[in-house]
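First comes the structure, then the notes that go with it.
The values are calculated or read from the model by the stated rules, or taken from the named source; none is laboratory data. All figures in this text were calculated on a predicted structure; none of them were measured in a lab. Virtual Cβ from ideal backbone geometry, glycine too; neighbours counted across all protein chains shown. All accessible areas refer to the heavy atoms of the entire protein, side chains included, with ligands and DNA or RNA removed. Shrake-Rupley method; radii C 1.70, N 1.55, O 1.52, S 1.80 Å.
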Amino acid sequence: MNGIERSRVHKPLTWLIAIWLSIIPVTALAQTHITPPSNKYSPSQDVELGRQAAVEAEKQLPLLRDEETTYYVERIGRRLADSIPAEYRHPEFRYTFKVVDASDINAFALPGGPMYVNRGMIQAAHSEGEVAGVMAHEMSHVALRHGTAQATKAEKYQIGAIAGAILGAVIGGNAGSIISQGSQFGLGAAFLRFSREYEKQADILGAQIMARAGYDPMDLVNMFKTIERQGGGSGGPQWLSDHPNPGNREAYIAQEARYLQVTNPIRDTRDFASVQSRLRGMPPARSTEQIMRGGQGNPRGGQYPSSGQVGGRVEHPSSRYRTYREGNLFEVSVPENWRELAGNDSVTFAPDGAYGQTGGQSVFTHGVQIGVTRNEIHDLRQATDEFIQSLMQGNSRLRQQSGYQRGNVGGREGLAVSLNNVSEVNGRPEIVAVYTTLMSDGNLFYVIAVAPRDEFGSYQGAFQRVTRSIQIYDSGEIPDYGRSRRRG
């Protein structure tokens, strides 16, 4: 075959190769493939470690009890979680998103999916893309299982000690020191701070997740710059000390971004502006150091916020309702002007002026308390009898007013009963309505509704609406948070 004949053969082949290269996506050729590090833990162990650490985190840090802000962060998080490439997904993982009422520019995610974003991070950001960038970076650490990969390097430590140490590393500051010092094996927080290799992996996967979710990956770079500026230089705040710059961070993220196609770009910034305005209108948040110096950060443990002034003017229930989710247990819609007040084994919703501290005890004069109490009987009537007796034993002024009436609580068979009481706060006669139903495990789910006798009629409609709105999730079937959220 002479040169001319060879040329005639090669030209069609070259042309076909050129067409093939033009058809396949550039991302298939240039997008960086990340190999997760070796890990002796199973994904289910990641979930358990994250669950343990989340319990400790929520004892140490105050969660922001603001539905609009929480829902906004959850919406971003769900979009990002849905955009994780298939090869990095773990069906056991459950990504959840909460906001910490702290001023530090910080965010952290725990193995298995729990993520916490500081209020200070949202307020410091210049765009939704910057918030999404930090969240995508943290999510990448979870998807690549960096927390337990770090723990794998310390074979002498046992899984029971790792949860506290991981939390100590990602929270940082005094909170981290308290938790890591308390771990049985003394695993130092510094050991589990992410390596530069893991940081680069999280940067690259974070950029890929952002593009798939509709965000410009360069906003991740912009957020790093924002954090450095707000933190006073390259040393920066806690987040940067736990997430060290691998070097040339901006360059390699920019290089990756050139080969990523942003899917359905997000351009609507109204929600971001609205949330930032909402946060600016709240009392200033404390720093993590201030929170830890002040003791318990989360107002659980039966202590209502000290700002509550029981006995003040109490507004009537709003006609507008908000929906809250209490962990993975239940959802409920309550009047918009009622606050969520967490206790040991229950949560109370009450308007300003109707809750506070009296004689070292948490009290409320208007509103509802929702909780679960242990029950071995598995019979609704008998379980309710025992519960009512326990209430009356704890309060000598409480008397049963009516017999039981059948009703509906959370779509389940329930009972309702009315009690009389004299308020220990203001000496006014009040009505206490109790609604009960059984959980699938036999424990008793209850709602206690309270209002002064002469005001009960104006509250009764709200109490009934609250009770009807309850959705109990004790069977493992929990709907998507964004889709299940309702307004009345």
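Spin-label model, Asn264 to Arg428: label points 7 Å out along the Cα-to-beta-carbon direction sit 5.0 nm apart. The slack in the chain from Ser319 to Gln382, taken as 0.36 nm per residue of separation less the alpha-carbon distance, amounts to 19.1 nm.
Here the label points at Glu250 and Asn443, each 7 Å from Cα along the C-beta direction, are separated by 5.2 nm in the simple model.
Packing-wise, with mean Cβ within 10 Å as the measure, how do 106-117, 86-97 rank, highest first?
106-117, 86-97
Quick one: go through segment 375-411 and flag any residue whose amide nitrogen is under 16 Å from the point 7 Å out along the Cα-to-Cβ line of Arg453. Zone members listed by number: 397-402.
Taking the solvent-accessible surface of protein heavy atoms with a 1.4 Å probe, what is the per residue accessible area of segment 370-459 in Å²?
Accessible area per residue: 49 Å².
Other residues within the sphere of radius under 9 Å centred on the Cβ of Val47, judged by their own Cβ, net out at -1 (K and R +1, D and E -1). Each of the peptides 31-40, 443-452 was scored by the mean count of other Cβ atoms within 10 Å over its residues; in descending order, highest first, they stand as 443-452, 31-40.
If you take all other residues with their beta carbon under 10 Å from the beta carbon of Pro317, and give Lys and Arg +1 and Asp and Glu -1, the sum is 0. Between Ser44 and Gln405, the contour length at 0.36 nm per residue exceeds the Cα-Cα span by 125.5 nm.
Enumerate by residue number the trypsin sites (Lys or Arg not before Pro) in segment 359-441 meeting two conditions: DSSP loop (anything except H, G, I, E, B), and at most 11 other Cβ atoms within 10 Å of the site's Cβ.
Numbers: sites: Arg374, Arg381, Arg397, Arg399, Arg406, Arg412; in loops: Arg374, Arg397.
Answer by residue number: Arg374.
For Leu260, the shell of other residues with beta-carbons less than 14 Å away shows a net charge of -2, using +1 for Lys and Arg and -1 for Asp and Glu. Relative protection proxy for 267-277, 219-229, from highest mean packing down: 219-229, 267-277 (other beta-carbon atoms within 10 angstrom). Across segment 121-135, coupling constants 3J(HN,Hα) worked out from phi with the 6.51/-1.76/1.60 Karplus curve, θ = phi - 60°, read 5, 5, 5, 7, 5, 9, 7, 4, x, 5, 4, 4, x, 5, 5 Hz, and Gly and Pro carry x. Length available on full extension from Ala86 to His126: 0.36 nm per residue minus the Cα-Cα distance, which gives 11.4 nm.
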